[in-house]
Structures are given as C-alpha cells and as structure tokens.
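The block underneath contains the structure these notes are about, expressed in structure tokens.
The values are calculated or read from the model by the stated rules, or taken from the named source; none is laboratory data. Since the model is a prediction, treat every value here as computed from it, not as a measurement. Cβ coordinates were reconstructed from backbone atoms using ideal geometry, including for glycine residues, and neighbour counts include every protein chain displayed. Heavy atoms of the whole protein, side chains included, go into the accessibility calculation; ligands, DNA and RNA do not. Shrake-Rupley method; radii C 1.70, N 1.55, O 1.52, S 1.80 Å.
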Amino acid sequence: MLYGYMGKMLFVDLTRGKIEEQELSPELARNFIGGYGLGARGLYDLIKPGIDPLGPENVLGFVTGPATGSGAFFGSRFGLVCKSPVNGCWCDSNSGGYFGAELKKAGFDAVFFTGISPQPVYLWVKDGKAELRDARQLWGKDTRETLEILKAELGDPLIRASIIGQAGERLALFSCPINDGHRALGRGGGGAVMGSKKLKAIVARGNLEVPLANPEKVKAINRRIAELMRSGPLKEPLRWFGTYGTGGTTPGSALDGNSPVKNWGGVGLRDFGEEAANKIGSTAFDKYKVKKYACRNCPLGCGAEYEVKSERWQVGKTDRPEYETSASFGTLLLNSDGESILMANEICSRYGLDTISAGATIGWAMECYDRGLLTRDDLDGIELSWGNSEAVIAILKKIANVEGCGAILAKGSEAAANYWGKGHEYLITIKGMELPLHDPKFAPGFVRTYQFDPTPGRHVKGGLGHMQEVGDLKDKYNYYNTGYLDVENTVNVEVLTAAGFCLMMDFPCPEGARNEYIEAITGWPFNAQQCYITGMRILNMRHAFNLREGFKPSDFVVPARVVGSPPHQEGPLAGIKVDHERLARNFFHFACWDYETGKQSLESLRGIGGLEHVIRDLYGEEASCASR
C-alpha cells in the first residue's frame, strides 16, 4: 500500500482525445514527495528542451501531495507545472481552497496534459474515471459563470474546478486558472498554457478515501496544533491573522518599507501616507465581510467572502483581497481607493489574471505615462496618472479582454517595453517576471529568492526573506554568513510545498510537525536529515530544468531599484543598499552550484541520490552509470 497517495496519474493527449492511466511508483513518490517535486521529475522526461511553451509539446500538470486531502491541518494545497510562456523557464504555481483534495479523492495524484485540442474541452474526473467533454458552450465565459454552468450541466453543486477565464483563452501571459471562485494558480502563465491547449477547465468530484499509514497519529497532531492555537504564546497574533488574513498587514507594510511604493521608486511615508495606507487593508475592507472562509482542513481560516454594494463599482459578491493584491493595486500605484482594489481583485478572479503581474504591469505603464514615454494615444485615451483609480480599472479591463493597448500589456511589462521600444529602465522584472510586493531593502533575503529560485520572481519559496520579514533574524543586513541558513530554509519549503501543505503552517505549528505529519501519512521514516536530502533533490530537479534550457545565472538580472541602487534618501529604508551578489554567492556555495554556469557539482548530485538522469545530461552517461 502506497499510503498518502491514490497511486494513479492521468496522462491526457488533447490532440488525439486519449486518456491513459499510469501507476505512481513508490520510488518516485519517495524521492520527490508529490506536488511540484513529482511534476519537475515528470516534466524533465516529458518535455524536450527548446519547445514552444504555447505549442503542443508543452506539458501542463496538476499535481497534489500526500498531505492533500489527508485530513492533516493545512493540507489543502496543489500545484500547476509547465514550461513558462513568460520566460521559457521552469514554472510552478500553487493554490489552496478545495480543488486539490477533490481531485485526489476523485482517484488521482496528478494529471498531465499534452497536445492541443481541436476544440475547447474540459476534463471531468469522478471516482477513478475521467473523460474529456465539449466546452464550446463555456468558451468566452468568465470563471464564475463557467463554474455555475458546470454545476448545472453535471447535476452536482459540490463539484470543484480549476478554470480559465477570457484572459487565458486569449493567451494573456500572466493569466491563470482560478479555483473555488478566487484561489489562483497565479504566477508564470499557466492560464495561457491552458488556453493554448483549448482546455477550459479540469473538474473533479470524489468520494474515495486517501489511505493513511497512521490516521490516529494525524488526528493527534491536529489536536496538538489546535491546542497550541487556542492557548499557546501566539494565540493572539493567530486570532488576529485568522480575522484579517494577509491583507491585514497591508497598512503597516505600506509605511515600514515592506511594500514597494510608486513602482518601487517611492517612499510610503512620503508618497502614500498613513491615511491612504489605512484605506487599503482588510481592517478597512472587512466592513463588507459576509462570512469567514477557510481552505479545506485549515484551522486558521485567513479568507473572507464579501458583498460590496457600491454605486461607483459594480463589485457585488466577491472575496477579500490578499496582501499582494492590495499592495499591487494600492501602494504600487499610489491608489488609496479601496473599492477600486476590490473591483480589480474581482476582475482578476473572473477573467483569470495574476494580480501581482497585473498590478505591476500597470505600475510600469503608469511611470512611463508620468515620464512622458507613453501617451494617452498609446493607452487608448486613458489618463494613467498616479492614483487614478478610474484609469486603473479601465486599463485592467482592457488587459483582461486582451484588447487595444491591453493586448500589449497582457504580455507583461517587459514584453510591452520591447513592443514600444521604451521604458526598460523602469521595469521591475527578473527574467520577464514582475516581482512580488516584499521589498528586499526591508528583508534582504527575498532578493536571492526572486533572482535564483528556479521560478524567478516568487515570494512563496523558501529562504531568508520571510524570516527577516517577521523579525526572526535580527542582523538581517549581515550578508556574509547567510548561505547555509538560506539553503536550509529553502529546502524545508520545497518539502512543505511538494507535500501539499500551506506555507502558513509554519506560524502556528511546532517545529518538526511537518515531518511528523509526513511520517504519519506515508509510513516512511522522515526526520530532519531525510527532509533536507529530499528538499535538495526537488530543488536540484527544478534547477536542472532551467540548466537544460540553456539558462545561466547571468541571465537573471536584478533591477537596480530593488536593491537600493541608488539608496533612498529618506524614510525607513534610507541609505540601505542590498549586497545581492554576496547573498547569491553564499547560497550557491552551500547548494554546490557553480556561480558562473549554475551547474551542480557531480559530488553533490551523487550525494543527494535519485538524480542519475540529471548527472547523465550534465556529465555524460558514464558518470550517470557510476552513480547508480
């Protein structure tokens, strides 16, 4: 018995309309856990280097982990994997809600799509069976409309689905699938890959049980965490976070330097101010709150459902924006109109857009307009001035519909700069990916993660950034002894994410709870050393995908503003310049990667084990055979 897994994967050839089942081998599960670990191992074999991300040879995977649907607290997550159409790099994205567990309980640990369907389709998976169905009646519908039609068509109000909206259908490069109305597989362009394959949705309904090695132990860990959350030393912060979610931190972050301001060129205290900051967080938005929302098996519940009755914006029933959304449509644009942020969030949920890249692309265009590089004629008559909420919504709608100037901006800010031939000096991207809303001048570790995670420009990866952000590392501007801790925290998050856990579990859970859960779910011994080796294997697998595509470290360039070059002259980050090269060199040293080529050392790959195929590609067949 392969505990913690359903033991099956689906492979769907959309060109031929064929579906094949394959067993998940215990060796593959043990070596790569699940989620994007399993996805990285699979796609390395399935995708040839150099293929077109929007062509039939790209592979799109939906992948779960052993914790997904297991009943373990915080075990709701699932992932999307593919080659990114933004930059040709490895792409993974992660989402919570209920869809991941439903897919798994429908009988499958992962689903991989190849080819391009001749007409729009969706995949229907129920209790171990799968079929492709006609989606022509759904094409052109937004994600919420599509879900309601699917419920009626399938005669089941309890289905769960991951769906693209019109932005994905029209190949907006930062489009994404949406599940549970508002949970997004947000970054890297997975929605465009779905759209290119004419895949409107994957729909699941499951009544199968996930087999657990020790279900009583899982329940005992749950009880221990619940008690800590009720009466432990962090009970008040956790209660506050459960009430307001990530968006509750937005006002403070706008003022202390954590949130970038004015396309990363401003200072919150000077350019935005306290009054404006207090208008764009959950503490202000929650007057619209109808009820609390929690992902499956989550004891924290950081989400909320809203109903917004506004004469200015037709928002209606919607969901509370996360921190990244409030900051990207707020501080980044000098926009303090809270209802416009709620409107922007709803547009992105309905049309299927990554809110980080959407807000950041508008921020880049705003600065170009402010500096006279883009005109109203370039922007279809829209006066895209700082803080102009009407203009923000107008241009976002154009992006969502991929029309007019929105068709240019829907490719992302770097592609837009290349199209217009201007504004490159104001881009805040790494390898084409707009950066998240956590300033490395406030928490320096983020810059290494942004620059050198195999998916550049991500904030929900491991590393020092989150530790520095919450104050766990006091001497955060010491750049000389960061390497081991940076690698250790990175590989811990590799395992956490691949297993299907939420990053938020690190706040209330005692140290080691993740490993205890994995042992109880799978029956494998899983101590700190095994966690480290497994995390290193997953990290190196994702990194190897980019190496095989021909990328090297020098291809990933950090914008000067991001690291304080030149430094701010006022505000809480005045005078700070981040030594991002030292942070990177420290990480590469402890990861055993060459800083010039990115190539992993043969000794480290052999020591990790399970990567003979990577050794073969880097060092030849003879070295691979010697590693077995």
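Odds and ends about this structure:
- Accessible surface of the range 261-364 [probe 1.4 Å, protein heavy atoms]: carbon and sulfur percent: 43
- Relative to one another, the C-alpha centroids of the range 482-517 and the range 120-194 are positioned 31 Å apart.
- Most to least accessible of 131, 275 (protein chains only, probe 1.4 Å): 275, 131
- Principal axis dimensions, largest first and in whole angstrom, of the range 105-164 by Cα: 30, 29, 15
- Carbon and sulfur %, accessible surface of the range 34-178 computed with the full protein complex present, 1.4 Å: 50
- Ranked by solvent-accessible area (1.4 Å probe, protein heavy atoms only, all chains present), the residues 30, 230, 41 order from largest to smallest as 230, 30, 41.
- Report note on the peptides 559-570, 504-515: ranked by the mean count of other C-beta atoms within 10 Å, highest first, their order is 504-515, 559-570.
- Nearest-10 value in Å² for the accessible area of residue 398, using the 1.4 Å probe: 40
- Loop-resident chymotrypsin sites (Phe, Trp or Tyr not before Pro) (DSSP state other than H, G, I, E or B) in the range 39-93 with no more than 14 further Cβ atoms inside 10 Å of their Cβ are absent.
- Integer Hz, Karplus 6.51/-1.76/1.60 couplings in order for the range 512-524, x for Gly and Pro: x, 4, 4, 5, 4, 4, 4, 4, 5, 6, 9, x, 7
- The range 574-628, accessible surface, carbon-and-sulfur percent (1.4 angstrom probe): 48
- Note on exposure: 86, 557, 218 ranked by accessible area (1.4 Å probe, complete protein assembly) read 557, 86, 218, with the most exposed listed first.
- Once you reduce the range 195-227 and the range 576-615 to the center of their Cα atoms, the two points are 34 Å from each other.
- Charge dipole of the chain about the Cα centre (unit charges at C-beta), most positive-ward option of 359, 592, 529: 529
- Residue-averaged 222 nm ellipticity for the chain, from DSSP H runs of 4+ at -39500 (n - 2.57), nearest 500: -11500 deg cm²/dmol
- Separation of the alpha carbons by more than 30 angstrom is noted, of 235/291; 105/151; 200/317; 8/289; 129/289; 279/431, for 8/289; 129/289; 279/431.
- When the range 325-432 is described by a simple charge dipole with +1 on each Lys and Arg Cβ and -1 on each Asp and Glu Cβ, the residue from 382, 421, 406 located farthest towards its positive end is 421.
- Rolling a 1.4 Å probe over the protein heavy atoms leaves residue 144 with an accessible area of roughly 50 Å².
- The heavy atoms of residue 27 offer some 130 square angstrom of accessible surface to a 1.4 angstrom probe.
- Each distinct pair of alpha carbons in the chain adds a 1/r term; the inverse of their mean, the Kirkwood radius, is 24.3 Å.
- Averaged over its residues, the range 103-218 has an accessible area of 32 Å² per residue, based on protein heavy atoms and a 1.4 Å probe.
- Other-chain or far-sequence residues with amide H under 5 Å of residue 317's (modelled H): 308
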